[in-house]
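Have a look at the structure below before the remarks.
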Amino acid sequence: MTAATITAYIGLGSNLADPVSQLKSARIAINSLARIEELAFSSFYHSPPMGPQDQPDYVNAVMAVATDLAALDLLRCLQKIEHEQGRVRTGARWGARTLDLDLLLYGDQQINHPDLIVPHPGIGERAFVLYPLQEIAPALTLPTLGDINQLIAHCPLAGLKKLA
Ligand code: ROI
């Protein structure tokens, strides 16, 4: 990778069609992208749905990668993997999904683009993002949001459980 290598964090989530397999396949797909290298991958976490409750529980994880892809190019790659793994956007906001890949952080950059907001909105309050993120980046400072440990201190587990 070039000198312009950035550490990015990707949130993975699924609550349909064997979520653990969905996340394992997504990890393989991300690793087979050009110009991306995995740095770390968290445990899998079981989490009750945030938002509408009439949907299955989720499995979530967070992955750190080194990349010299531009943030929007990385986003497009992640969206392509979502579609390849059968994600259908039903139009229902916050509904069940086979695979959700969120670009959580891209180095220490703040991005406000019509297609991409980084840090990903809401991550400061989401147990299913913060706990796996802390597992792989225990000393992280998030742009605009601050110390991961401070965020965790104010974020109840909300039923989040690490899978064995
Ligand atoms: N809830 C949980 N627990 N995990 C998710 O990944 C997740 N993703 C979403 C919504 C529907 C907001 N709820 C979630 O997009």
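The values are calculated or read from the model by the stated rules, or taken from the named source; none is laboratory data. This structure is a prediction, so every number in the text was calculated from the model and none was measured. Here the Cβ is made from the backbone with ideal geometry for all residues, glycine too, and neighbour counts use every protein chain on show. These accessible areas exclude ligands, DNA and RNA; they are computed on the full protein's heavy atoms, side chains included. Shrake-Rupley method; radii C 1.70, N 1.55, O 1.52, S 1.80 Å.
Numbers at a glance
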quantity	calculated
Unique match (being touching a strand residue (DSSP E or B) at 6+ places or on another chain (Cβ under 7 Å) and in contact (Cβ under 8 Å) with a residue 60 or more places away in the chain) among 86, 107	107
Residue tally, condition among the hydrophobic types (A, V, I, L, M, F, W, C), closer than 27 Å to residue 73 by Cβ and open to solvent by 20 Å² or more (accessible area, probe 1.4 Å), over region 108-164	6
Residue 120 being within 11 Å of the ligand (Cβ to nearest atom) and either out of contact with any strand residue (DSSP E or B) (no Cβ under 7 Å at 6 or more places or on another chain) or not charged (D, E, K, R) (or both)	yes
Residue 21 vs. criteria more than 18 Å from residue 158 (Cβ to Cβ) and open to solvent by 20 Å² or more (accessible area, probe 1.4 Å)	yes
Number of positions in region 12-44 that are among the hydrophobic types (A, V, I, L, M, F, W, C) and modelled with pLDDT under 95	2
Test result for residue 29, among the small types (Gly, Ala, Ser), surrounded by 14 or more Cβ atoms within 10 Å (Cβ to Cβ), touching a residue at least 12 places away in the same chain (Cβ under 8 Å) and closer than 16 Å to residue 70 by Cα	no
One residue from 11, 86, 51 being closer than 19 Å to residue 130 by Cα and not in a strand (DSSP E or B)	51
Among the residues listed as 98, 2, 7, the single one being open to solvent by 40 Å² or more (accessible area, probe 1.4 Å) and modelled with pLDDT under 95	2
Filter result (buried (at least 20 other Cβ atoms within 10 Å of the Cβ), in contact (Cβ under 8 Å) with a residue 60 or more places away in the chain and away from the ligand (no atom under 16 Å from the Cβ)) within region 42-70	64, 67
Hits in region 56-78 - residues which are assigned to a helix (DSSP H, G or I) and under 12 Å from the mean Cα position of the chain (by Cα)	75, 78
Every residue from region 32-41 that is open to solvent by less than 60 Å² (accessible area, probe 1.4 Å) and either within 11 Å of the ligand (Cβ to nearest atom) or part of a loop (DSSP other than H, G, I, E, B) (or both)	33
